């Protein structure tokens with residue numbers, strides 16, 4: 001297995017005012033890994049994810065993307081974000097643009113891709129997520145699951161090397177969760193490097209290579225799914241799993 | 001105390017007859033009113049957008065400049081602003097009457113438009129900027145391609161309202177001798193000792209203009225609303 005380091009973070013700290021949200025996080029994500037971040041609300045997992053594409057600015061610590069340390073003050077973050085796709089809990093599609101326009105916007109405006117080429121790529125991606133018939137539809141005509149699949153296609157259109165998912169199914173009706181997870185699973189099988197903040201334990205169990213459990217701004221435990229779910233070492237983890245599985 | 005002269009309502013036939021007879025004078029005046037309104041609204045939108053962007057820049061000095069502008073304009077009567085531009089600026093460099101009036105109206109409308117736009121920009125979901133940034137778009141590009149189109153759409157109803165106010169406020173240009181609708185009405189009225197007839201006639205012209213403006217704004221609104229259908 002390839003062991004290229006895609007993301008490496010050392011002693012990452014982040015506070016919002018007096019609230020110390022991330023307390024010295026160390027983590028490495030290798031190429032083609034699927035890492036699921038789990039933990040209770042407020043444990044810092046979304047903040048950690050948002051630090052990875054610099055939507056939140058770290059206080060201190062290092063973030064190394066593909067072997068290169070990123071300094072948010074001097075480096076061109078837009079260039080880095082092109083390589084790191086992000087999918088949000090609330091989709092954040094552009095409501096004034098059609099599905100197609102949503103997908104081709106960044107490739108054309110940021111990468112300068114030819115319009116015809118961007119459109120044919122977008123069609124390809126839409127058929128991949130099973131929405132090729134929704135090309136000219138505006139987002140408000142789509143179900144939550146469809147919106148999220150378009151959002152995934154939109155992120156993929158930039159040809160990222162890493163995909164970040166911030167609770168991608170938390171805003172969905174239960175019956176729509178499956179279609180989004182299926183798309184994500186397919187992506188994982190193609191070898192995409194993925195970091196996923198999720199409450200979907202079954203997905204984590206099935207798809208993740210690594211589970212990272214966070215509590216109170218720290219990583220409490222990490223391990224492969226089998227060991228993590230069947231034989232958690234830390235008492236905190238055991239408690240957390242008891243409550244979530246009962247739920 | 002002196003009693004105001006009481007004007008009586010003109011007879012309907014007299015009103016209609018005068019309306020028809022004065023139509024070419026009023027149409028010419030209406031053209032000037034339209035010019036004043038359109039020019040001042042267009043410049044007002046540019047000014048308003050500029051100060052709205054200053055206000056949301058999160059840079060203290062720029063925010064202060066925007067606040068100061070809005071305060072000065074909203075804190076003084078439009079007629080005072082028109083006179084200052086007409087007499088005051090004329091002392092330094094001569095502004096043609098039309099531009100003194102247009103600029104005063106534009107600066108005035110601009111303050112209100114900037115507040116409308118600021119509100120509608122800030123009302124766009126924060127996730128929209130994040131989505132743009134996460135795709136590698138710069139802040140300016142996201143603002144231009146994602147935030148402002150949504151903000152403008154949201155701003156259209158209050159903007160339409162402001163345009164109507166701007167149209168009617170253009171009547172104040174009469175006080176710097178612009179021969180727009182209101183000026184023509186009062187002049188003709190006093191020359192013919194028939195103020196009420198002419199005031200009623202000019203009211204009709206304003207009503208027609210407001211109806212047209214409302215129609216245009218509504219058309220624009222429904223055109224921009226395609227994404228809701």
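Residue by residue, here is whether (1) closer than 20 Å to residue B:223 by Cα; (2) in contact (Cβ under 8 Å) with a residue 40 or more places away in the chain; (3) more than 21 Å from the chain's Cα centre (by Cα) holds:
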residue	(1), (2), (3)
A:92	no, yes, no
A:100	yes, no, yes
A:118	no, no, yes
A:129	no, yes, no
A:145	no, no, no
Filtering helices (runs of 4 or more DSSP H) wholly in the stretch A:197-247 for at least 3 residues that are within 12 Å of residue A:39 (Cα to Cα) gives A:235-246
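Being surrounded by fewer than 16 Cβ atoms within 10 Å (Cβ to Cβ), in contact with a helix residue (DSSP H, G or I) (Cβ under 9 Å, 6 or more places away or on another chain) and part of a helix (DSSP H, G or I) is the filter here, so list the residues in the stretch A:109-122 that pass it. Spell out the reasoning first.
Keep residues of the stretch A:109-122 that are surrounded by fewer than 16 Cβ atoms within 10 Å (Cβ to Cβ), which gives A:111-112, A:114-117, A:120.
This time we only want the ones that are in contact with a helix residue (DSSP H, G or I) (Cβ under 9 Å, 6 or more places away or on another chain), so: A:111, A:114-115, A:117.
Hits for the stretch A:109-122 are A:115, A:117.
Out of all the residues in the stretch A:138-152, which are within 11 Å of chain B (Cβ to nearest Cβ) and farther than 15 Å from residue A:125 by Cβ?
Of the stretch A:138-152, the ones within 11 Å of chain B (Cβ to nearest Cβ) are A:138-141, A:151.
Listed by number, the residues that qualify are A:138, A:139, A:140, A:141.
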| message | Condition check: under 24 Å from residue B:110 (Cα atoms) and either facing chain A (nearest Cβ under 10 Å) or in a loop (DSSP other than H, G, I, E, B) (or both). Does residue B:152 satisfy that? | response | yes
Checked B:56, B:92, B:47 against criteria (surrounded by fewer than 20 Cβ atoms within 10 Å (Cβ to Cβ) and under 30 Å from residue B:140 (Cα atoms)); the one match is B:56
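Picking from B:61, B:70, which residue would you name as being out of contact with any strand residue (DSSP E or B) (no Cβ under 9 Å at 6 or more places or on another chain) and free of Cβ contacts under 8 Å to residues at least 40 places away in the same chain?
B:61
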Selection from the stretch A:172-195 of residues part of a loop (DSSP other than H, G, I, E, B) and in contact (Cβ under 8 Å) with a residue 12 or more places away in the chain yields A:172, A:173, A:191, A:192
Taking the stretch A:50-68 and the residues there that are closer than 18 Å to residue A:28 by Cβ and not in a loop (DSSP other than H, G, I, E, B), the one that is nearest to the chain's Cα centre (by Cα) would be A:52
Practice item. Confirm whether residue A:169 is away from every other protein chain (no Cβ under 13 Å), farther than 27 Å from residue A:4 by Cα and either part of a helix (DSSP H, G or I) or under 16 Å from the mean Cα position of the chain (by Cα) (or both). Key: yes
Taking the stretch B:127-139 and keeping residues part of a helix (DSSP H, G or I) and at pLDDT 95 or above leaves B:127, B:128, B:129, B:130, B:131, B:132, B:133, B:134
Flagged in the stretch B:120-142 as out of contact with any helix residue (DSSP H, G or I) (no Cβ under 7 Å at 6 or more places or on another chain), touching a residue at least 12 places away in the same chain (Cβ under 8 Å) and within 13 Å of another protein chain (Cβ to nearest Cβ), in numbering order, are B:131
Meets criteria (at the interface with chain B (Cβ under 10 Å from one of its Cβ atoms), surrounded by fewer than 17 Cβ atoms within 10 Å (Cβ to Cβ) and in contact with a strand residue (DSSP E or B) (Cβ under 9 Å, 6 or more places away or on another chain)) for residue A:83: yes
The residue from B:189, B:110 that alone is without any contact (Cβ under 8 Å) to a residue 60 or more places away in the chain and in a helix (DSSP H, G or I) is B:189
Of the listed residues (A:126, A:37, A:19), the one being farther than 26 Å from residue A:185 by Cβ and away from chain B (no Cβ under 13 Å) is A:19
Review point. For the stretch A:86-104, does any single residue satisfy the condition of being within 11 Å of chain B (Cβ to nearest Cβ) and assigned to a strand (DSSP E or B)?
Key: yes
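The values are calculated or read from the model by the stated rules, or taken from the named source; none is laboratory data. These figures come from a predicted structure and were not determined experimentally. Counting neighbours? That spans all protein chains shown, and the Cβs are built from the backbone with ideal geometry, glycine included.
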